[in-house]
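The values are calculated or read from the model by the stated rules, or taken from the named source; none is laboratory data. Every value quoted in this text rests on a predicted model; they were computed, and no experiment measured them. Here the Cβ positions follow ideal geometry from the backbone for every residue, glycine too, while neighbour counts run over all protein chains shown.
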Amino acid sequence: MRYFLTILLFIISAGSAQSAEMRVRIASGEFQPYLSESLQNEGFISKIIRGAFRQENVTVSIAYYPWKRSYDMVKKGEADLTPYWVKTPERSQLFILSDPIDVVQYGFFHLKDKKITQLDFSNLNNYKVGVSIGYSYGAAFDTARKKQQFICDEAPSDEINIKKLIARRIDLFTADKILGQYLISTTLSPKDADKIIFFPKNFAEEPVYLLISKKTPNGAEIADKFNKGLKKLKLSGEYQRIMQEAKKQ
C-alpha cells in the first residue's frame, strides 16, 4: 500500500511539474498602448495575456516583430501564437482562435479643417483612406476594400499614416479610437495633434482574439489553457481592473 501511494504521489508531482514547465512563444507587433516592448508591463493587453496564462501555470515569452512577420511566424509554427487579431474566414481556417480578449472600435481620424459631416462606405470614394499593411479593420471594411469602393493608401505603420494625414497626403486615417488618440498624442507636437479629430461614429466594433498556430503540437492545449485562465481572470475582477486602468491613461 505504501509503495502504491509513493508511486501515485510521484506521478502527481511529475504531472504538476510538467504543467508548470509549459512555455508559450508569442510573436507580436507594436500596438501601443495595447502591446509594446517599450511600455510598462509591455502594455495592458500583454498584462492580461500573461495573467491569464499564469492562472494555468504557463510561462510566456513575447518577441516583437512587424505584424506581417508575426502572423507568418505563427502560421509556419515558428511561434505559438500572435495576439490581438480580428476574425476573418482565412484566419479561422489557418489558426486556432482563442476566446475574445477585447473589443476594438474602428473609426476614422481626419483634419479638423476638412469639416466632414458624413462618413460611411457609400461616400468613402471621395477620400483617400490611409491603412496600415497587414491590418484588418473588420468584415465590412475589408469587403468594401476588396470591391474597391474607395481608394486605400497603404503605409508600413500607423505612425506613418498619422504623419501622412498631417501632410495632407491622405484624407482619412483608419484606426481603433484608443490607439489612434494615443499615437497622435505621442507622435505629434501638441500643435499638430490639435489639428486632428476623430469622426464621432465608429464604423465597426470587432472582437479580437489570439491566433494560435495549428503547426504547434500542443496548440489546442494552449488555447484551452488561455481560455480557462481568461475566465478566472474575469471572475477575480483582475481583468476589469486592468481594463479600467488602461482607459484612464
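Within the stretch 25-70, being among the aliphatic types (A, V, I, L, M) and more than 13 Å from the chain's Cα centre (by Cα) holds for L39, A52, V58, V60, I62, A63.
Of all residues in the stretch 142-160, those satisfying the criterion of being within 18 Å of the chain's Cα centre (by Cα), modelled with pLDDT of 90 or more and part of a helix (DSSP H, G or I) are D158, E159.
Residues being in contact with a Pro (Cβ under 7 Å, 6 or more places away or on another chain) and within 24 Å of I48 (Cα to Cα) are represented in the stretch 179-198 by at least one member. Out of K163, K234, one residue alone is at pLDDT 95 or above and under 26 Å from K112 (Cα atoms). It is K163.
Reported count of residues in the stretch 46-74, each being closer than 19 Å to F95 by Cα, assigned to a helix (DSSP H, G or I) and among the aliphatic types (A, V, I, L, M), is 3.
Among the residues of the stretch 20-71, those identified as aromatic (F, W, Y) and either under 18 Å from D224 (Cα atoms) or in contact with a Pro (Cβ under 8 Å, 6 or more places away or on another chain) (or both) are F44, F53. For A167, indicate whether it is closer than 30 Å to N123 by Cα, outside the structural domain of Y34 (by TED's automatic domain parsing), loosely packed, with under 13 Cβ neighbours inside 10 Å and free of Cβ contacts under 8 Å to residues at least 40 places away in the same chain. Answer is yes for this residue. Within the stretch 222-249, residues that are of a type in the set (D, E) reach partners that are surrounded by 15 or more Cβ atoms within 10 Å (Cβ to Cβ) and part of a helix (DSSP H, G or I) with beta carbons closer than 8 Å, at six or more positions or on different chains, in the pairs E238/G51; E245/F44. Condition check: touching a Phe, Trp or Tyr at 6+ places or on another chain (Cβ under 6 Å) and either in the same structural domain as L165 (by TED's automatic domain parsing) or among the aromatic types (F, W, Y) (or both). Does Y127 satisfy that? Answer is no for this residue.
Note on the stretch 122-137: among residues that are of a type in the set (G, A, S) and over 13 Å from D176 (Cβ atoms), the one that is modelled with the lowest pLDDT is G134.
Please work out which one of (1) assigned to a strand (DSSP E or B); (2) surrounded by fewer than 18 Cβ atoms within 10 Å (Cβ to Cβ); (3) not small (G, A, S) is the condition F173 fails and give its number. The number of the failed condition is (2).
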